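Presented below is the structure to which this report refers.
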Amino acid sequence: MANFDKIIDRKKTHALKLERYKKYENAVNMWVADMDFKSPKCITKALKKRINHEVFGYTVIDEDTKQTIKTFLKKRHNYKIENSHIAFASGVVASMNIVCNMFGKKDSVVIVKPIYPYFFTTPKHFGQKVVSVNMKNINNRWMFDFDELESKIDKTCRLLFICNPHNPGGTVFTKEELLKIGEIAIKHNLIICSDEIHSDLVLDKDVKHIPIASLSDKIAQRTITLMAPSKTFNIAGLQSSFAIIENKELMDKFVNSMGHINGGVNLLGIEATRAAYKYGEKWLEELLEYLRENLKVVENFISKNPKLKLLKCEATYLAWIDCSELKTDAYKLFLDNGVVLNEGKSFGDGGENFVRLNFGTSRKTLLKALNRMQIALRSCDKAFQK
Ligand SMILES: Cc1ncc(COP(=O)(O)O)c(C=O)c1O
């Protein structure tokens, strides 16, 4: 049984989560999307075994690893693929760059905002225009309006980037929503690039993750799905991810676009990936239960603070909190009180009055952060009354 309650000191491990805010000594770091938990033992065991060999040469990806991914996807998401549909890359962001590089400067990329920042920064590196629609509160979920989306698509649009489950906001798109997205993509001849890195982290038991490419062959033929074990098993530092592309022509373009820019594979990343998907499911179930309880703690905190709002967080360990009623810079307010969150505006238009809180940590650390946030809110109320 994994012990997610255990507080693990991440100091002196070069953890980005701690290093970036080093000058805020003793701050509680609740920002970047990695968790404070140890990865499952099956991963450590596989890594140790490989490290003990002590020869770390160039590595290729074996069929067993691909087969393991294939089996995992079929079992967890009823997503049926072949080994030949899998292309490895060092990360999902790297793959997003590879995908944009498949298109020209005159091609535009359609996205919804707020969203994980690389969705709108990456196309710009390739000189591509970003066409975006804003997410809003629709039936207590972060969603976007399909009519609005369609009205913005023009003839230059070639690529539709989606993030499912969505970061930030935690929306898991329904079958109907995904079919609608597929329909729009087909109508406007768009290639879909679906970032499904958070797909294994569905917290709402009434909801299921559906890979968009699993819905029909027509959709699959125009889709590049990006997945990774990094969020699920907390191994982001091992730089291992993969794209799933069923259309051979699209796969060739992806591989061509990657060229040698992405280098070879990280042998430790592959060892961890294989072990995670082969033996990590029990740990994953325990993790999901722990995260569900943490989400309840966050929801309880929000319910006691009417100036904060949290819509349905169906997936991810990232709470997207609307602070607009505070009428102050919430990110700064909480930072000044010793809690580092992600600043909403870094996720693009519509994110300005939000903060994102990573609750993938021990209950004690979460409560410590929420207590500090409560003190911050009280001080804010007092200042308002003066
Ligand atoms: C939606 C989304 N895509 C991609 C990434 C980063 O993936 P990688 O580390 O594999 O580049 C993140 C990390 O937070 C994310 O939330």
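The values are calculated or read from the model by the stated rules, or taken from the named source; none is laboratory data. Predicted model only: the values in this text are computed from it and were never measured. Methodologically, a virtual Cβ is constructed for each residue, glycine included, from the backbone with ideal geometry; neighbour enumeration extends over all protein chains shown.
Scanning the range 88-119 for residues that are surrounded by 24 or more Cβ atoms within 10 Å (Cβ to Cβ) and polar (S, T, N, Q) yields a total of 1. MET96 satisfies every condition listed in (1) touching a residue at least 60 places away in the same chain (Cβ under 8 Å); (2) touching a helix residue (DSSP H, G or I) at 6+ places or on another chain (Cβ under 9 Å); (3) under 16 Å from ASP349 (Cα atoms) except (3). Each residue in the range 227-249 was checked for being in a helix (DSSP H, G or I) and of a type in the set (A, V, I, L, M), and 2 of them qualify. Could you look through the range 209-228, keep only residues that are over 11 Å from the mean Cα position of the chain (by Cα) and within 14 Å of the ligand (Cβ to nearest atom), and pick out the one that is nearest to ASN78 (Cα to Cα)? This residue is HIS209. Of everything in the range 83-121 that is more than 12 Å from the ligand (Cβ to nearest atom) and of a type in the set (Phe, Trp, Tyr), the residue that is nearest to TRP320 (Cα to Cα) is PHE120.
Taken over the range 177-193, the criterion of being touching a Leu at 6+ places or on another chain (Cβ under 8 Å) and part of a helix (DSSP H, G or I) is satisfied by LEU178, LEU179, ILE181, GLY182, ILE184, ALA185. Checking every residue in the range 134-153 against the condition of being in contact with a helix residue (DSSP H, G or I) (Cβ under 8 Å, 6 or more places away or on another chain), within 16 Å of the ligand (Cβ to nearest atom) and closer than 27 Å to SER324 by Cα gives zero matches.
Please go through the range 25-43 and pick out each residue that is among the charged types (D, E, K, R), modelled with pLDDT of 95 or more and in a loop (DSSP other than H, G, I, E, B). Residues satisfying the conditions are ASP34, ASP36, LYS38.
Of PHE334, PHE354, all but one fail to be closer than 22 Å to LYS113 by Cα and more than 17 Å from the chain's Cα centre (by Cα); the exception is PHE354.
Name the residue that is nearest to ASN358 (Cα to Cα), counting only residues in the range 236-290 that are crowded, with 23+ Cβ neighbours inside 10 Å and among the β-branched types (Val, Ile, Thr). Filtering the range 236-290 for residues that are crowded, with 23+ Cβ neighbours inside 10 Å and among the β-branched types (Val, Ile, Thr), the one nearest to ASN358 (Cα to Cα) comes out as THR273.
The residues in the range 30-45 that are away from the ligand (no atom under 16 Å from the Cβ) and either under 19 Å from the mean Cα position of the chain (by Cα) or among the basic types (Lys, Arg) (or both) can be counted, and the count is 3.
Among the candidates LYS124, LYS80, the residue that is more than 12 Å from the ligand (Cβ to nearest atom), over 17 Å from ILE192 (Cβ atoms) and in contact (Cβ under 8 Å) with a residue 40 or more places away in the chain is uniquely LYS80. With respect to SER194, is the statement that it is in contact with a strand residue (DSSP E or B) (Cβ under 8 Å, 6 or more places away or on another chain), among the small types (Gly, Ala, Ser) and assigned by TED's automatic domain parsing to the domain that holds LYS80 true? Yes: the conditions hold for SER194. Whether any residue in the range 325-339 is closer than 21 Å to LEU203 by Cα, in contact with a Cys (Cβ under 6 Å, 6 or more places away or on another chain) and part of a helix (DSSP H, G or I) is what I want to check. No, the range 325-339 has no match at all.
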